[in-house]
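Just below is one structure, and these are the notes that go with it.
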Amino acid sequence: MTSIKPIRKAIIPVAGLGTRMLPATKAIPKELLPVGDKPVIQHVVEEAVSAGIEEIILVTRWGKEAIENHFDVNFELEHMLTAKGKKDVLKSVSEMIPSHINVVSVRQAKALGLGHAVLCAAGLVRDEPFCVMLPDVIVIQPQNQQESDLKRMVQAWNKTGAAQIMVEPVPESQTSLYGIVDCNGANPQPGQSAAIQGMVEKPKLGTAPSNLAVIGRYLLPANIMGILKTTKPGAGGEIQLTDALDTLLQSSDMAAYCMESPTYDCGNKVGYLKANIAAGLTHPETSDELRKFLQGLQT
């Protein structure tokens, strides 16, 4: 029996223009907009690290160097914080991610779709399985949930070697906005998985095989890169990862994992505001005052 290679690398596409968040993203990458006291991208990277990921691959473009700088050392800032005795703040910037985590980047010259963005990282992934994490989506784990959903997906990969796709139910009226999985009528509950029979990207209203939407977390085998190389442009004239996954299904097992933690789409203004409220309510420095403020708005 062939041994299952562990998931060590995560691809995070950060080359988007963030047009849905203008004017805030005119000069600032959308991935650096703050949610609570951390930028969106840091929430995503911390989620990856908590699941055992050791290398973060940023698929970026010109003008987004600030994202890479965020994870680099800032000697001047750290020296100033040390001199002023601000130990807690110093720790928050100097120990942002563990020292063994490697953050690298690769350029996507043209915005040709998610599938193309993933393919740009093929040279860094090589023959290893990997995780894909969309930075628009952040997961705020409830305090009573011991393990993250991504970590549970990694555990499922380690047991089965089957590709894992994170999903959550959406209203029927919104299925045309997402990639939708077909689980042959199965309806996995939060924290549970079901075998995937097929996938379709942004189906027309009334044609979706389920209401289970792909929400931006994938654990994939290395051979998906070869499939992406021959995947023709699909919805929107872009190379869709969903189309490549549908091809992968013809020869490999794939499971849909239904989210237990709440997710927030920080790529739109309402989702971004909701994420900030949720983050504020879980942060020890802000939760009490924010809760009082929100209660006051309701009276």
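The values are calculated or read from the model by the stated rules, or taken from the named source; none is laboratory data. Just so we're clear, the structure is a prediction, and the values are computed from it rather than from any experiment. Quick reminder, even Gly has a Cβ in these numbers, built from the backbone with ideal geometry, and neighbours come from all protein chains shown. When the accessible area is computed, the model is the full protein with side chains, heavy atoms only, and any ligands, DNA or RNA have been set aside. Shrake-Rupley method; radii C 1.70, N 1.55, O 1.52, S 1.80 Å.
Looking at the square roots a ≥ b ≥ c of the eigenvalues of the Cα gyration tensor of the range 1-74, which shape do they give, rounded for a/c under 1.5, prolate if a/b is larger than b/c, or oblate?
prolate
The simple spin-label model puts a point 7 Å past each Cα toward its Cβ; for F75 and I4 those points are separated by 4.5 nm. Separation of the range 225-299 and the range 125-139, taken as the distance between their Cα centroids, equals 13 angstrom. Expressed to the nearest 5 percent, the antiparallel share of DSSP beta bridges inside the chain is 55 percent.
Extension gain, W62 to I277, is 74.2 nm, computed as 0.36 nm per intervening residue step minus the present C-alpha separation.
Based on Cα contacts under 8 Å between residues 6+ apart, the range 193-249 shows a relative contact order of 46 percent.
Each residue, N158 and A195, gets one label point 7 Å from its Cα in the Cβ direction; the gap between the two is 2.5 nm. Overall, the anisotropy analysis places the range 1-144 in the oblate class: the square-rooted eigenvalues a ≥ b ≥ c of its C-alpha gyration tensor yield a/c not less than 1.5, with a/b not exceeding b/c. Relative contact order for the chain: 23 percent, from Cα pairs under 8 Å spaced at least 6 residues apart, divided by residue count.
For H43, the shell of other residues with beta-carbons less than 12 Å away shows a net charge of -4, using +1 for Lys and Arg and -1 for Asp and Glu. Averaged per residue, the range 31-91 has 53 square angstrom of accessible surface, using a 1.4 angstrom probe with ligands and nucleic acids left out.
Between the beta carbons of N268 and D37, assuming R0 = 25 Å, the FRET efficiency works out to 0.70 to the nearest 0.05. Projected label points at E54 and K110, each 7 Å from Cα along the beta carbon direction, are separated by 3.7 nanometres. Estimated from helical segments only, the mean residue ellipticity of the chain at 222 nm is -9000 deg cm²/dmol, where each DSSP H run of four or more residues counts as -39500 (n - 2.57).
Rounded, prolate or oblate: which fits the range 110-169 when a ≥ b ≥ c are the square roots of the eigenvalues of the alpha-carbon gyration tensor, with rounded for a/c under 1.5 and prolate only if a/b beats b/c? Oblate, since a/c reaches 1.5 and b/c is not below a/b. Accessible area per residue for the range 167-240 is 49 Å², calculated with a 1.4 Å probe on protein heavy atoms, without ligands, DNA or RNA. Quick one: pull the percent of accessible area on the chain belonging to carbon and sulfur, 1.4 Å probe, ligands and nucleic acids left out. Carbon and sulfur together cover 53 percent of it. Only aspartates and glutamates eight or more places from K269 in sequence, or on another chain, were considered; those with a Cα closer than 18 Å are E31, D37, D136.
If you add up the charges near G237, with Lys and Arg at +1 and Asp and Glu at -1, over every other residue whose beta carbon is less than 15 angstrom from its beta carbon, what do you get?
My count for the surroundings of G237 gives 0.
Computed from the C-beta positions of Q146 and K232 and an R0 of 35 Å, the FRET efficiency is 0.20 to the nearest 0.05. Spatially, the range 1-80 and the range 149-189 are offset by 24 Å when compared through their Cα centroids. You can think of it this way: the chain between L177 and V89 has 27.7 nm of extra reach, that is 0.36 nm per residue less the Cα-Cα gap.
With springs connecting C-alpha atoms under 10 Å apart, model the chain as a Gaussian network and identify which of G113, G206, G280 has the largest mean-square fluctuation. Answer for the Gaussian network model of the chain: G206. Among the listed values (1) 15.5; (2) 16.8; (3) 17.7, the one computed from these coordinates for mean projected area of the Cα convex hull in nm² is (3).
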